[in-house]
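**Student:** Let me begin by handing over the structure; questions about it come next.
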Amino acid sequence: MLLLALIPVFMGSGLAIQTAINSRLGSVSSSSFLASMVSFVVGAIFLNILLILTGTSPLVSTTTITSNPWWIWLGGVLGVIGLTTNILLFPKLGSVQTAVLPIFGQIVMGQIIDQFGLFKSPISKFTIIKLVGLVLVAGGMLLATGAFMPKDKMAKKQHHLLPYQLLGIFAGVLMATQTAINGHLGVILKSSLHAAMISFTVGALLLIIIVLILPVQISNLKLAYQNFSKQWWLWIGGFLVTN
């Protein structure tokens, strides 16, 4: 049971590290979209390889597509928005707030999803214990964002950051929604790995299209690749988020 309880801790740590890595890649390449694209492409390739190694076809039948709700394919889209938002927020908020705020958004949205069984998720009603936990998490989030600081120059700075902080919480809401959608897709496909692969592949394709449409210099990735021997870790963000 303790090991299961530690899984979310490792997931949160991975999210913080992955955001820092992607933010650095975005800085080097001068584009958050390029950083997100690399992350999703790396993740999609990794998951496709795992899927093939398990002997599962990455393809989806026409029946599966036509006989299920349209929203089961939105996981990748929500992931793109959430990940790119985090990359954009990292230079504004720093590592702590960029990690804490989305987690708070995930917890709140996760409880809403559980309460009403959204996206065909199992219903888990709100309890006093969950309320206490939510209050503690909210308190930790407020401490991390400096909400209890005195009204001095730093407090004014925090007030200036409020729109970015709300955006961070919204990114967490999208991530929780993505998790619920991918969870149901995993039930349909009878494979959570297959569902994750589809989510990453959809996200990767979407970002490739965005990068091709927008005035983004894809050649900027060469700047990151030139120092591969010293900064190889810039390319593993997608691997971390798949885990």
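Computed from the coordinates by the stated procedures, all read-outs in this text should not be read as laboratory data. Remember, it's a predicted structure, so these values are computed and weren't measured experimentally. A quick note on method: Cβ atoms are made from the backbone with ideal geometry, for glycine too, and the neighbour counts reach across all protein chains shown.
**Student:** What nm value, rounded to one decimal, do you get for the distance between Ile123 and Lys222 when each label is placed 7 Å out toward the C-beta?
**Tutor:** 5.9 nm
**Student:** Next question, about the same structure. Quick one: check the C-alpha center-to-center distance for the range 15-75 versus the range 198-231, whole angstrom.
**Tutor:** That distance is 13 Å.
**Student:** What are the radius of gyration and Dmax of the range 12-242, computed over its Cα atoms and given in Å?
**Tutor:** Both quantities, over Cα of the range 12-242: 18.9, 61 Å.
**Student:** In the chain, which helices (entire DSSP H runs) extend 30 Å or more along their own long axis, judged by Cα positions, while averaging at least -1.0 on the Kyte-Doolittle scale?
**Tutor:** Numbers: long enough: 2-29 (40 Å, 1.31); 32-53 (32 Å, 2.40); 75-116 (36 Å, 1.17); 162-189 (40 Å, 1.26); 192-213 (32 Å, 2.46).
Passing helices, by number: 2-29, 32-53, 75-116, 162-189, 192-213.
**Student:** When the helices in the chain are scored as -39500 (n - 2.57) per DSSP H run of 4 or longer and the sum is shared across all residues, what 222 nm value do you end up with, to the nearest 500 deg cm²/dmol? Write down the numbers at each step before the final one.
**Tutor:** Details: 10 runs with 184 residues, N = 243.
Calculated from helices alone, the mean residue ellipticity at 222 nm is -25500 deg cm²/dmol.
**Student:** Just how large is the dipole of the chain about the Cα centre, in debye to the nearest 20, putting +1 at every Lys and Arg Cβ and -1 at every Asp and Glu Cβ?
**Tutor:** Working: 12 positive and 2 negative charges, 88 e Å.
So the dipole magnitude of the chain works out to roughly 420 debye.
**Student:** Calculate the spin-label point distance for Lys130 paired with Trp70, positioning each point 7 Å from the Cα along the beta-carbon direction, and give it in nanometres.
**Tutor:** It works out to 3.0 nm between the two label points.
**Student:** Compare Ala20, Ala147, Ala204 in a GNM of the chain, Cα atoms joined below 10 Å, and give the one with the largest fluctuation.
**Tutor:** Top of the fluctuation ranking is Ala147.
**Student:** Grab the chain and count how many Lys pairs have their alpha-carbon atoms under 20 Å apart, sequence gap of 8 or more, or different chains.
**Tutor:** On the way: Lys92/Lys153; Lys92/Lys156; Lys92/Lys157; Lys120/Lys190; Lys222/Lys230.
Lysine pairs satisfying the spacing and distance rule in the chain number 5.
**Student:** Oh, and also: Would you be so kind as to identify which of Gly26, Gly43, Ile208 lies farthest towards the positive end of the dipole of the range 12-242, taking Lys and Arg as +1 and Asp and Glu as -1 on Cβ and the Cα centre as origin?
**Tutor:** Farthest towards the positive pole: Gly26.
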